[in-house]
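First comes the structure, then the notes that go with it.
The values are calculated or read from the model by the stated rules, or taken from the named source; none is laboratory data. This is a predicted model, so every value here is computed, not measured. Every residue, glycine as well, gets a Cβ built from its backbone with ideal geometry; the counts of neighbours run over all protein chains shown. Quick note on the areas: whole protein, heavy atoms, side chains included, nothing else; ligands and nucleic acids left out. Shrake-Rupley method; radii C 1.70, N 1.55, O 1.52, S 1.80 Å.
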Amino acid sequence: MKQSCKTAVVVVTISVGASTTWADTLLTHRIPAALAVEAASETVAACAKQGYHETAVVLDADGATIVTLRGDGAGIHTLDSAHDKAYTSVSFKNDTLALAERAKGEDSIAPLAKLPHVMFFGGGVVIKLADEVIGSIGAAGAPGAKLDDSCAHAGLDKIRDRLK
């Protein structure tokens, strides 16, 4: 009798523990490599049409690189800049143009720019599925933050309707 009681307690404990573990898992979404390549290609192409030599980087929600595309004639420094803009965007879950504004003024987030790979300069755009940030696009090489931002948005617009 005692043995069956102990067995029942063990089964209940395992069941409760297992259901708690399952309840604690998180459902996340990822950008397929094919869409990341399309977004990067469109980002570079949108700037090239305007005569700018652009680099695009697409990161996943964890900040890991999915694709990097250095456009024809883009400076070597654009590789780091595009990555850091994408990294900042995905880390702060916001576009870097908006973050650049928050870096000004009384409640400035500017001191956070001392962290590695954080750059409060336009050209980093978050990729969202509903309200979930699933990645980012970083663009660098155009002569100005708003131009980089515009090219990154062109990359996002290219894939937005296929994000599921």
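Highest mean packing comes first when the peptides 93-99, 158-164 are listed by Cβ atoms within 10 Å, giving 93-99, 158-164. The charge dipole of the range 30-164, taken about its Cα centre with unit charges on the Cβ of Lys, Arg, Asp and Glu (plus for the first two, minus for the last two), comes to roughly 100 debye.
Length gained on full extension, E101 to L115, computed as 0.36 nm times the residue gap minus the Cα-Cα distance: 3.3 nm.
Beyond 26 Å between alpha-carbons counts as too far, so tell me which of K49/K146; K104/K164; K85/K164 fall in that bin. Write out the running numbers ahead of the final one.
On the way: K49/K146 16 Å; K104/K164 35 Å; K85/K164 24 Å.
Result: K104/K164 exceed 26 Å.
Label-to-label distance, A130 versus A64, with points set 7 angstrom from Cα along the beta-carbon direction: 2.4 nm.
Per the helix-only calculation at 222 nm, which mean residue ellipticity applies to the chain, given -39500 (n - 2.57) for every DSSP H run of n ≥ 4 and division by its residues, nearest 500 deg cm²/dmol? Don't skip to the answer; put the middle values down first.
On the way: 5 runs with 76 residues, N = 164.
It lands at -15000 deg cm²/dmol.
Between the residues H77, A98, A61, the greatest Cα displacement towards the positive end of the dipole of the chain, with unit charges on the Cβ of Lys, Arg, Asp and Glu, is found for A61.
Just order 140-147, 44-51 by mean Cβ neighbour count inside 10 Å, highest at the front, would you?
Values: 140-147: 19.4, 44-51: 17.5.
So the order, starting with the most tightly packed, is 140-147, 44-51.
Each part gets one Cα centre, and for the range 46-125 versus the range 147-164 those centres are 14 Å apart.
Accessible surface for the range 39-85, divided over its residues, is 44 Å² per residue with a 1.4 Å probe. Which entry in (1) 1.40; (2) 1.82; (3) 1.93 is this structure's computed Cα Rg over 2.2 N^0.38 Å? Read-out from the structure maps to (1).
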